[in-house]
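Here's the structure, in structure tokens; my notes come after.
The values are calculated or read from the model by the stated rules, or taken from the named source; none is laboratory data. Note that the coordinates shown come from a computational prediction; the quantities given were computed from them, not determined experimentally. Please note: Cβ atoms are built from the backbone with ideal geometry, for glycine as well, and neighbour counts cover all protein chains shown. These area figures cover heavy atoms from the full protein model, side chains too; ligands, DNA and RNA do not enter into them. Shrake-Rupley method; radii C 1.70, N 1.55, O 1.52, S 1.80 Å.
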Amino acid sequence: MFSIILPTYNEKESIVKTIKSIKSAVKNKDYEIIVVDDNSPDKTWNIVDTVFKKNSKVRCLRRINKKGLSSAIIDGFIQAKGEYLFVMDADGQHDEKKLNIMFEKIKKNDIVIGTRFRKGGSVEGWSKTRILASRIGAILARPFLSKKITDPMSGFFGIKKSVFMKYKNNLDGRGYKILLDILFQNKKFKIEEVPFKFKTRKAGKSKLSFKVMIEYLLMLGKHAVRTNLHFIPFSIVGITGVLVNTVLLYILTEYLELYYLLSAVFAIETSIITNFLLNNAWTWRKRKFRHSFFQRLLRYNLVSIIALVINLSVLFILTHFFNIYYIYSNFAGIAFAFLINYFVNDRWTFDEK
Ligand code: GDD
Ligand code: MN
């Protein structure tokens with residue numbers, strides 16, 4: 001059976017029409033529709049109960065002291081009897097005609113996502129800012145997700161009940177981003193996307209607020225810390241690199257009487273190599289590397305040199321064009337180069353098989 005969850009908050013003008021369109025779209029299927037309403041002041045729950053009283057396939061779960069989209073979806077999923085769980089906006093913005101394709105696809109996948117950002121998908125009547133915000137949000141989530149996911153914030157998706165049950169206790173019920181939270185649970189989910197056109201809202205108001213966006217960023221931040229446990233050893237190795245570099249620069253210049261810039265070149269290259277060896281043997285030691293030792297060394301060097309150029313460029317740009325004191329510009333340069341170093345090495349140099 002397919003369970004379709006419709007979370008609602010003040011959707012009295014849309015809910016009946018939405019349910020009727022879904023019913024006619026999936027009429028030959030074994031399905032149920034569960035409205036999860038957070039005790040809407042406009043009595044959406046009451047309308048559902050009255051209009052669909054005689055329809056055993058439609059029911060309404062009215063939650064009294066709770067609120068929030070993600071937690072409503074989680075509660076709906078838990079109540080659902082189907083083997084496959086789906087969720088849609090109750091305001092008619094999602095395309096119920098895509099349900100049948102999604103029903104087919106979910107059988108062979110863990111998750112199916114209705115996407116607005118793949119060929120064939122689109123958004124209707126969004127402001128430039130909303131498109132930009134959505135795009136930036138998706139790009140920020142990218143490093144943590146499989147490459148083929150284009151719309152990790154979609155409110156239109158399906159998941160196998162067994163998969164949901166396995167992870168439900170890890171999910172954060174706050175905010176809007178239930179799908180993103182699910183995707184974070186396992187990088188290896190089998191996923192397919194189905195493009196659809198996100199229609200404009202015909203009635204009622206969007207509940208997506210500034211707070212929702214902040215919650216989204218917090219969720220990403222938390223996940224970044226949780227998944228980047230390599231960051232701390234990498235930083236410690238970075239500090240040893242500075243030590244190696246400084247000591248060597250001093251010895252070569254003072255005792256071997258090399259010109260200090262020439263000493264610096266040796267010092268930098270030596271510290272790159274010692275950093276590489278330490279990161280290779282310690283920071284990322286648990287990985288089964290995709291590339292050979294020599295390849296990794298080469299890549300590490302390349303990344304370090306590019307990061308150095310970036311460091312200098314930031315130093316120059318901030319000092320020259322923004323009149324920032326060069327010591328501060330340099331801090332910014334170091335921070336930026338450090339992050340580039342970390343992320344590129346993590347994903348490219350020490351990439352896993
Ligand atoms: N039960 C419950 N509780 N339902 C809620 C709540 C809540 O606190 N907040 C919103 N909903 C319901 C709405 O009534 C609607 O049916 C659905 O959740 C989506 O809310 P909208 O307010 O219509 O969101 P949107 O259209 O602006 O945002 C859409 O796009 C986002 C990504 O850009 C949705 O599809 C989001 O899920 C999606 O993340
Ligand atoms: Mn909506």
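Compute the length gained on full extension between residue 124 and residue 21: take 0.36 nm times their separation in residues and subtract their Cα-Cα distance, giving the result in nm to one decimal. Each step should come with its number before you reach the end.
Values: separation 103, 0.36 × 103 = 37.08 nm, distance 1.93 nm.
Contour length minus the Cα-Cα distance gives 35.2 nm.
Taking 144, 331 and ordering them by how much accessible surface each has at a 1.4 Å probe, largest first, produces 331, 144.
Which percent, nearest 5, of DSSP beta bridges in the chain are antiparallel?
25 percent
From the protein chains alone at 1.4 Å, what is the descending order of accessible area for 271, 24, largest first? Intermediate results must be reported in sequence, preceding the final value.
Working: 271 10, 24 70 Å².
Accessible-area ranking of 271, 24, largest first: 24, 271.
Of 23/128; 166/205; 67/286; 190/286; 107/205, which sit over 30 Å apart, Cα to Cα?
Working: 23/128 34 Å; 166/205 34 Å; 67/286 42 Å; 190/286 25 Å; 107/205 34 Å.
The pairs that break the limit, which is 30 Å between Cα atoms, are 23/128; 166/205; 67/286; 107/205.
Of the trypsin sites (Lys or Arg not before Pro) in segment 213-319, the ones in a loop by DSSP (not H, G, I, E or B) with at most 14 other beta carbons within 10 Å are 285, 286, 287, 288, 290. Measuring with a 1.4 angstrom probe and ignoring ligands and nucleic acids, residue 83 comes out at about 110 Å² accessible. A 1.4 Å probe, protein heavy atoms only, puts the accessible area of residue 300 near 10 Å².
If you filter segment 247-296 for GluC sites (Glu not before Pro), then keep DSSP loop positions with at most 12 other Cβ within 10 Å, what is left? If you can, show how the numbers build up before the last one.
On the way: sites: 254, 257, 269; in loops: 257.
Answer by residue number: 257.
Would you mind calculating the gained length between residue 147 and residue 353 on full extension (0.36 nm times residue separation, minus the Cα-Cα distance), in nm to one decimal? Taking residue 147 through residue 353 to full extension adds about 72.6 nm, to one decimal.
Under the simplified labelling scheme, the residue 13-residue 188 pair shows an inter-label distance of 4.9 nm, with each label point 7 Å from Cα along Cα→Cβ.
Using a 1.4 angstrom probe on the protein heavy atoms only, could you order 18, 200 from most to least accessible area?
Numbers: 18 15, 200 50 Å².
Most to least solvent-accessible, the answer reads 200, 18.
Taking every protein chain into account, the 1.4 Å probe leaves residue 293 with about 100 Å² of accessible area, to the nearest ten.
Modelled label positions at residue 259 and residue 246, each set 7 Å beyond Cα in the direction of Cβ, lie 2.6 nm from each other.
Taking a sphere under 12 Å around the Cβ of residue 228 and counting the other residues whose Cβ falls inside, with K and R at +1 and D and E at -1, yields a net charge of +2. Among the trypsin sites (Lys or Arg not before Pro) in segment 73-151, those placed in a DSSP loop whose Cβ has at most 15 other Cβ atoms within 10 Å are 81, 108, 119, 147, 148.
Give me the net charge for the shell around residue 148: Cβ to Cβ below 14 angstrom, other residues only, Lys and Arg +1, Asp and Glu -1. Numbers along the way, then the final one.
Details: positive: 105, 118, 119, 142, 147, 187, 188, 190; negative: 110, 151, 192, 193.
Result for the neighbourhood of residue 148: +4.
Hey, what did segment 225-349 get for relative contact order, percent, Cα under 8 Å, at least 6 apart? Mind dumping the intermediate values first?
Details: 94 pairs, mean separation 28.4, N = 125.
Dividing the mean separation by the residue count of segment 225-349 yields 23 percent.
Please say if segment 2-203 is rounded, prolate or oblate, where rounded means a/c under 1.5 for a ≥ b ≥ c the square roots of the C-alpha gyration tensor eigenvalues, and otherwise the choice is prolate for a/b larger than b/c and oblate otherwise? Since a/c stays below 1.5, the shape of segment 2-203 is classed as rounded.
Give the whole-number value, in cubic angstrom per residue, of the convex hull volume spanned by the C-alpha atoms of segment 80-125. Intermediate results must be reported in sequence, preceding the final value.
Working: hull volume 4.3 nm³, N = 46.
Given the Cα convex hull of segment 80-125, per-residue volume reads 94 Å³.
Taking a sphere under 13 Å around the Cβ of residue 215 and counting the other residues whose Cβ falls inside, with K and R at +1 and D and E at -1, yields a net charge of +3.
Can you give the charge dipole size of the chain about its Cα centre, rounded to the nearest 20 debye, using +1 on the beta carbon of Lys and Arg and -1 on the beta carbon of Asp and Glu?
Numbers: 57 positive and 29 negative charges, 403 e Å.
Taking the Cα centre of the chain as origin, the dipole is about 1940 debye.
Once neighbouring chains are kept in place and the probe is 1.4 Å, which whole percent of the accessible area of the chain is contributed by carbon and sulfur? Write down the numbers at each step before the final one.
Values: 12320 of 19480 Å².
Answer for the chain: carbon and sulfur cover 63 percent of the accessible area.
Classify segment 225-349 from the C-alpha gyration tensor, please: rounded if a/c falls under 1.5, else prolate or oblate depending on whether a/b exceeds b/c.
Values: a/c = 2.03, a/b = 1.21, b/c = 1.69.
Note, shape of segment 225-349 comes out oblate.
Taking only protein heavy atoms into account and a 1.4 Å probe, give the accessible area per residue of segment 2-203 in Å². Could the numbers behind the result be given before it?
On the way: 9580 Å² over 202 residues.
Per-residue value: 47 Å².
How much of the DSSP beta bridge set in segment 2-203 is antiparallel, as a percent to the nearest 5? Please report the intermediate quantities before stating the final value.
Details: 7 of 30 bridges.
Once the DSSP bridges in segment 2-203 are tallied, antiparallel ones form about 25 percent.
Solvent exposure of segment 225-349, expressed per residue, is 65 Å² of accessible area, with all protein chains present and a 1.4 angstrom probe. In this rough spin-label picture, where each label sits 7 Å from Cα along the Cβ direction, the residue 224-residue 293 distance is 3.5 nm. Seen against the Cα atoms of the chain and their longest principal axis, helix 293-322 is set at about 90 degrees. The helix-only estimate of mean residue ellipticity at 222 nm for the chain, built from DSSP H runs of length n ≥ 4 each weighted as -39500 (n - 2.57), is -16500 deg cm²/dmol after division by the residue total.
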